[in-house]
Amino acid sequence: MSDDDFSRMMAALSAEFRQGLPGQMATVDRLWQRLSSGHTEAASMAELIRTLHTLAGSAGTFGLAEVGAAAAAAESGLETYREAGAVADEAGRAEISRVLEALRRAASA
């Protein structure tokens, strides 16, 4: 594969990632809405953490370092609550909400 071919492939993958970002953010928002309203669901918590992990890992590859950093911060914050399946305390919910807002801003930039 030539350098030009590789560059074109990466540009296409980057465009695809960026096009899929609103859908991934909708998933994050839907899951967080459910969890932050007091539902205890290990499956929803695991899906949210997995989605954030994917965003954190992929975003930097496609030139969106701020998205990756915010997603990683949210993932890290949620790991504390994984076993419980919910963010039980108000301070924890406020902190995760703050980090997710930073993620939303970065994803929409």
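Laboratory data are not the source of any read-out in this text; all were calculated from the coordinates shown. Just so you know, these numbers come straight off a predicted model, no measurement behind them. Cβ atoms come from the backbone with ideal geometry, glycine included; neighbour counts cover every protein chain shown.
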- Computed for the chain: size of charge dipole around the Cα centre, +1 on C-beta of each Lys and Arg, -1 on C-beta of each Asp and Glu, debye to nearest 20, value 260
- Under a point spin-label approximation (7 Å from Cα along Cα-to-Cβ), what is the residue 40-residue 91 distance to one decimal in nm? 2.1
- Averaged over all viewing directions, the convex hull of the alpha carbons in the chain casts a projected area in nm² of 6.9
- Message: As a test of the formula, what do you get for the chain when each DSSP H run with n ≥ 4 contributes -39,500 (n - 2.57) and the sum is divided by the residue count, at 222 nm and rounded to the nearest 500 deg cm²/dmol?
- Response: -27500 deg cm²/dmol
- Query: Under the definition of Cα pairs under 8 Å and six or more residues apart, what whole-number percent is the relative contact order of the chain?
  - Reply: 28
